[in-house]
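Single-structure report; data block below.
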Amino acid sequence: MSSLQVGRPVLVRGVLFSLALVIPIALGFFFQAFPLVSSGALGAMFALLIDPKRGLLLRVIAIGAGGALVVAAAALGVLVHGHHWLSLALLFLLSWLAAQPKPEHAYLGLLVKYAAVAVLLASFGFHASWDLAFAFLGGITLGICLSLVGMLYEEKDDGGSEPLDEFRAVLHGDTNDRLFGLAVPVTVLAATLTARYFAFGHPAWVGLTVLFVMHTDGATELHHIRDRVLGTFLGVLASSALLYSTTSLLAITFGVAVSAFFIPVAGKTRYMAFSFAITCAVLLLIDIAMFLQGGDFNLLRWRLIDTVSACVWVLASNLVVRLIQKRPRRQAGAPGNSAPAADPASATDPGQKQ
């Protein structure tokens, strides 16, 4: 297991993530607009997550366009709300698109995934309004400003891939395995519809958990899935423990700040720590957004059940994918299916690249 990187750029980015979530909380407290806190904070966090870290103009365009796309997706979800089959078809399409980008296509992968989540939440009945949309876009603006501040502390080789290069790569077929691309939307729909049928806390929470836990082709490695599932589960438990022990807004805000700090410090390759930090931050934000209604603690039991359900679906789906992938290998190695002997004249030089 690699040690955490604690260089100056990483620490600065951790501080920027903390500010991205704490500033909307402070504004919500000042204006007594707690319901808008989570939308604004998630917008700022989204902006920093998709930040391409390449040039001033590219950051503004890439992050701004991403925020506009998520709001447009939420509006589309509101339009199809009440049209059952149309909502499911749209959710399937966006979940399939979210499964296409490879891990190195970080900008495009997160962008489509957040668009799918926006449709999922809006079409399954979460309250959506212009106030929430403007709060999210305000968070996007805050995230852009923090990203520009972060430019002063970034290393020269710290930039990610160009968003346009990611689009071109995906359009030219540089995507995840087709089987995985199909498994993600099927799992999202199955988990969401099962949760609705059995009247879990909220089906959308199950669906979005599946999207964020099962999100790269590399996730078919069971130890990666195990780390994501365990990190998410422990994040729910830690958030519940904090909310059970205190109702202080200051203490909960401190918990948000600490969790947010460790999102970039953990890094996206340290699956358990990253999943733990982002789960804690999101759940505590939701509680603050419901501060005037007494918080979200009474619903955390259902959040835990929904999270466990989603993680079970992800584990089962990945096991099925692995079994299907191993089947052709077994058939190829079975007696009577041996490959014909290679023609020595057509043999490839071992030193030659294919």
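Summarised in one figure, the compactness ratio Rg/Rh of region 52-137, Cα atoms and Kirkwood Rh, is 1.02. Placing a pseudo-label 7 Å from each Cα along the Cα-to-Cβ vector at Val12 and Glu154 gives an inter-label distance of 1.1 nm. In whole angstrom, region 64-215 maps to an equivalent ellipsoid with semi-axes of 28, 21, 13, each derived as √(5λ) from the alpha carbon gyration tensor and ordered largest first.
When the chain is fully extended, how far beyond the present Cα-Cα distance does Glu104 get from Glu162, taking 0.36 nm per residue of separation? Don't skip to the end; give the middle numbers.
Working: separation 58, 0.36 × 58 = 20.88 nm, distance 1.07 nm.
Once the chain is fully extended between Glu104 and Glu162, it gains 19.8 nm.
Per-atom-type breakdown for region 235-304 gives carbon and sulfur 72% of the accessible area (1.4 Å probe, protein chains only).
Want the number for Val258 to Ile61: 0.36 nm per residue separation, take away the alpha-carbon distance, what's left? Walk me through the numbers before you get to the answer.
Numbers: separation 197, 0.36 × 197 = 70.92 nm, distance 2.93 nm.
Taking Val258 through Ile61 to full extension adds about 68.0 nm, to one decimal.
A 1.4 Å probe run over the protein chains yields, for region 1-160, 48 Å² of accessible area per residue, whole-number rounding. The packing ranking, built from the mean of other Cβ atoms within 10 Å per residue, places the peptides 244-251, 88-95, 25-32 in the order 88-95, 25-32, 244-251, highest first.
For region 1-121, the Kirkwood radius over C-alpha pairs fed into Stokes-Einstein at 4 °C and 1.567 mPa s yields D = 80 µm² per second. With a 1.4 Å probe and all protein chains left in place, how much of the accessible area of region 1-123 comes from carbon and sulfur atoms, in whole percent? That share works out to 77 percent.
Between region 221-296 and region 45-93, the alpha-carbon centres lie 23 Å apart.
Highest first, please rank the peptides 139-149, 176-186 by the mean number of other Cβ atoms sitting within 10 Å of their residues. Each step should come with its number before you reach the end.
Working: 139-149: 21.2, 176-186: 18.4.
Highest to lowest by the protection proxy: 139-149, 176-186.
If I stretch the segment between Leu69 and Leu323 completely, what's the gain in nm (0.36 nm per residue apart, minus their alpha carbon distance), one decimal?
Numbers: separation 254, 0.36 × 254 = 91.44 nm, distance 3.64 nm.
Net length gain for the segment: 87.8 nm.
The values are calculated or read from the model by the stated rules, or taken from the named source; none is laboratory data. For clarity, every value in this text was computed on a predicted model and none was experimentally measured. Virtual Cβ from ideal backbone geometry, glycine too; neighbours counted across all protein chains shown. When the accessible area is computed, the model is the full protein with side chains, heavy atoms only, and any ligands, DNA or RNA have been set aside. Shrake-Rupley method; radii C 1.70, N 1.55, O 1.52, S 1.80 Å.
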